[in-house]
Amino acid sequence: MRYDFGSDNTAGMAPAALRGLVEANADYARAYGADDITARAADQIRSRLDADAEIRFVFSGTAANAIALSMLAYPHEAVLAHHAAHVCTDETGAPGFFGQGVGLIGLPGLSGKISARALEAALDEPEVGHRQPPAVLSLTQSTEYGTVYTEEELRHLIEPVKERGYGVHLDGARLANAAAAGFDLTRIARLGVDVLVFGGAKAGGLCTEAIVMFDKSLARRIDNRLKQAGQMASKGRFLAAPLLGLLESHAWEDGAAHANLMARRLAAGIASRTAFTLAHPVEANAVFVRMPATAHAALNAAGWACYRFDDGSVRFVCSWATTEGAVDEVLEAIACL
């Protein structure tokens, strides 16, 4: 089975990330994230966001999202998110686990973007003592369906939430792809996001994501929280080092731009060379195809890993490592179905 398009998690580490890891292995360094490598990686993130923030590195996006949400909601409260968001579909209740009971309220919206009307309706629901009221809005950029929110779209979602005094979390597992698609990272803090998860794994790093706290009050006793959650690495430099390698070399942006380009190549070929149709706009590094179950099974049987997503379409994901040759090969296989 070829996993070129199975997920951007199936690709290895980008060369710049590997170099960062090897360079971090030299000599001694302070433990538990008090080292120079961790500090430099945090500064690189602050520079891209053009914002002051407290930053910590953790082992996974699931932990980063769940811990971030636990900062913003009490156990008797809930998080508003798109019903296909990773926190709702792929984290095995982690937000509730880390948040000691925090709930999730799934909202509809086309192509992974929360409907502003649906959000307003949820915010206008009367509060009663028998269900968890919303306290946080969770957004994903780029979305689970490979689309990218515009600044204006985000503003229309964030403003009514902030007016009610609620928190805002942004899952940026594929933030590099959104940036490569033209999204201005410096707008995140200015839009009112309280906590951002800055993605490294899908951008070609190891497994690290960064929790970026624009609201510094959320960082009170953050190291105690991370230690309790098993998310404080004794050799913390090795969490930050691959991401530092990506950021200092600009491979974080360059790899995402390449992944987006390969996705556009794949989408164009599907539209022009095959009998199948695209299910969603292709704005980042994912391509969703309307494909019967028999065709999907035949493609898997031919050795190509690709997965049926929540809406029934088949998902192909490009990464920093995707080659033009692989795109052309899979297109040939799809065209023969």
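The values are calculated or read from the model by the stated rules, or taken from the named source; none is laboratory data. This structure is a prediction, so every number in the text was calculated from the model and none was measured. In this analysis, Cβ positions are derived from the backbone assuming ideal geometry, glycine residues included, and neighbour counts consider all displayed protein chains. For the accessible areas, the whole protein counts, side chains as well, though only heavy atoms, and no ligand, DNA or RNA atoms are used. Shrake-Rupley method; radii C 1.70, N 1.55, O 1.52, S 1.80 Å.
Would you look at the GNM of the chain, springs on alpha carbons closer than 10 Å, and say which of 204, 245, 109 moves the most?
In the Gaussian network model the winner is 109.
Could you work out how far apart the two model spin labels at residue 47 and residue 187 are, taking each label as a point 7 Å from the Cα in the direction of the beta carbon, and quote it in nm?
2.4 nm
Suppose each label sits 7 Å from its Cα in the direction of the beta carbon; what would the residue 261-residue 130 distance come out to in nanometres?
My value for the distance between the label points is 5.8 nm.
Can you give the longest run of the chain that contains no trypsin sites (Lys or Arg not before Pro) sitting in a DSSP loop with at most 14 other Cβ atoms inside 10 Å?
Details: sites that count: 30, 131, 164, 220, 221, 235.
Between exposed loop sites, the widest span is 236-337.
By DSSP, what percent of the beta bridges with both residues in the chain are antiparallel, rounded to the nearest 5?
Numbers: 18 of 36 bridges.
Of those bridges, close to 50 percent are antiparallel.
Rounded, prolate or oblate for the chain? Axes are the square roots of the Cα gyration tensor eigenvalues, ordered a ≥ b ≥ c, and the cut-off for rounded is a/c under 1.5.
Values: a/c = 1.88, a/b = 1.17, b/c = 1.61.
Here the chain falls in the oblate category.
With springs connecting C-alpha atoms under 10 Å apart, model the chain as a Gaussian network and identify which of 305, 275, 24 has the largest mean-square fluctuation.
Taking springs between Cα atoms under 10 Å, the residue moving most is 275.
Kindly provide the helix-only [θ] at 222 nm of the chain, computed as the sum of -39,500 (n - 2.57) over DSSP H runs of four or more divided by all residues, to the nearest 500 deg cm²/dmol? Show your work: numbers first, answer last.
Working: 14 runs with 141 residues, N = 337.
After summing the helix terms and dividing by the residues of the chain, the value is -12500 deg cm²/dmol.
Would you please classify the overall shape of region 261-337 from the alpha carbon gyration tensor, given that a ≥ b ≥ c denote the square roots of the eigenvalues, rounded means a/c under 1.5, and beyond that prolate means a/b larger than b/c while oblate covers the rest? Mind dumping the intermediate values first?
On the way: a/c = 1.40, a/b = 1.17, b/c = 1.19.
Taking the square roots of the gyration eigenvalues as a ≥ b ≥ c, region 261-337 is rounded.
What's the lysine pair count for the chain at a Cα cut-off below 29 Å, pairs eight or more apart or interchain?
Summing the qualifying lysine pairs gives 10.
In nm, what is the difference between 0.36 nm times the number of residues separating residue 36 and residue 221 and their Cα-Cα distance? Intermediate values should be presented prior to the final figure.
Numbers: separation 185, 0.36 × 185 = 66.60 nm, distance 2.12 nm.
Between residue 36 and residue 221, full extension yields an extra 64.5 nm.
So how far, in whole Å, is the C-alpha centre of region 229-281 from the one of region 118-143?
30 Å
Tell me, what is the 1.4 Å probe accessible area of residue 277, in Å² to the nearest 10?
That residue has around 80 Å² of solvent-accessible surface.
Take the chain, connect every pair of alpha-carbon atoms lying under 10 Å apart with a spring to form a Gaussian network, then pick out the residue of 158, 45, 222 with the largest mean-square fluctuation.
222
Mind running the shape call on region 1-107? Use the C-alpha gyration tensor, a ≥ b ≥ c as the square roots of the eigenvalues: rounded below 1.5 for a/c, prolate if a/b tops b/c, oblate otherwise. Please report the intermediate quantities before stating the final value.
On the way: a/c = 2.31, a/b = 1.41, b/c = 1.63.
Here region 1-107 falls in the oblate category.
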